[in-house]
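Structure first, then comments.
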Amino acid sequence: LGHLMKVIGLTGGIGAGKGEVASILNSLGAKVLDADKVGHSIYEPNTEGWTRVHSIFGDLVVDHQSGRIDRGKLAALVFDDEQRRIFLNEAIHPLIRIEIERLINKHKTDGVEVLVIEATLFFEAGWQDIADEVWAISAPKQVIIRRLKEQRRLTNTEINKRLAAQRTDIWRKNRSDVFINNNTDLNDLRMKVIQVWEKRILGSVKP
């Protein structure tokens, strides 16, 4: 019998606080896999992902000095054009999934007990079947706007484009096993995450 590992999908809109929840879960003993970082490795130069992105957007998104995909330019293009965004996701998500599945197997072999996969587009990419359960995080719109301005230096126009391009919290809530509202402060968020962890993870671990 193989080692039993619990896989949690962690999702939520931009600026909702997934990173904070991921680091709380990490401090509780979970291993965290950031799908965004996996995505970046997918379009390094000389990869299938690089070729796919380049075939859609051409040299517009390539940094001429390093030959890498310039993610800032890529983001500007896809948030301006829904069709391009769909093309990009359809081209890249299957490649990210292959790599995530490889990493799931690796961590399982390594004896990891709880693996968290943090991904904004967890449902949109259709990855529910690779997780045992999905936790969604939400935050009030004004908090998200403030965070995106402070942390990512985005303008109002850029923020509105990104918010308009994503699904609603209700949509995610209806598909999730756990829904956490990140509406006060980090201390409160930590308490909420610990409560869910104790109930769903520690409660499901048989001695």
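Flag: V53 does not match the condition of being assigned to a helix (DSSP H, G or I), open to solvent by less than 60 Å² (accessible area, probe 1.4 Å), under 26 Å from G9 (Cα atoms) and in contact (Cβ under 8 Å) with a residue 40 or more places away in the chain. Of all the numbered requirements in (1) under 23 Å from T168 (Cα atoms); (2) open to solvent by 30 Å² or more (accessible area, probe 1.4 Å); (3) among the polar types (S, T, N, Q), S138 misses one, and that requirement is (2). Just so you know, in the range 79-101 the residues that are in contact (Cβ under 8 Å) with a residue 60 or more places away in the chain and assigned to a helix (DSSP H, G or I) include one that is nearest to A131 (Cα to Cα), and it is I100. Exactly one residue out of V112, V116 is open to solvent by 20 Å² or more (accessible area, probe 1.4 Å), within 23 Å of N26 (Cα to Cα) and not in a helix (DSSP H, G or I): that is V112.
Only one entry in A16, A35, A75 is out of contact with any Leu (no Cβ under 9 Å at 6 or more places or on another chain) and in contact (Cβ under 8 Å) with a residue 40 or more places away in the chain, namely A16. Annotation: of all residues in the range 119-135 being under 24 Å from I86 (Cα atoms) and open to solvent by 30 Å² or more (accessible area, probe 1.4 Å), the one that is nearest to the chain's Cα centre (by Cα) is T120.
The values are calculated or read from the model by the stated rules, or taken from the named source; none is laboratory data. If you're wondering where the values come from, they're calculated on a predicted model, not measured in any experiment. Please note: Cβ atoms are built from the backbone with ideal geometry, for glycine as well, and neighbour counts cover all protein chains shown. Quick note on the areas: whole protein, heavy atoms, side chains included, nothing else; ligands and nucleic acids left out. Shrake-Rupley method; radii C 1.70, N 1.55, O 1.52, S 1.80 Å.
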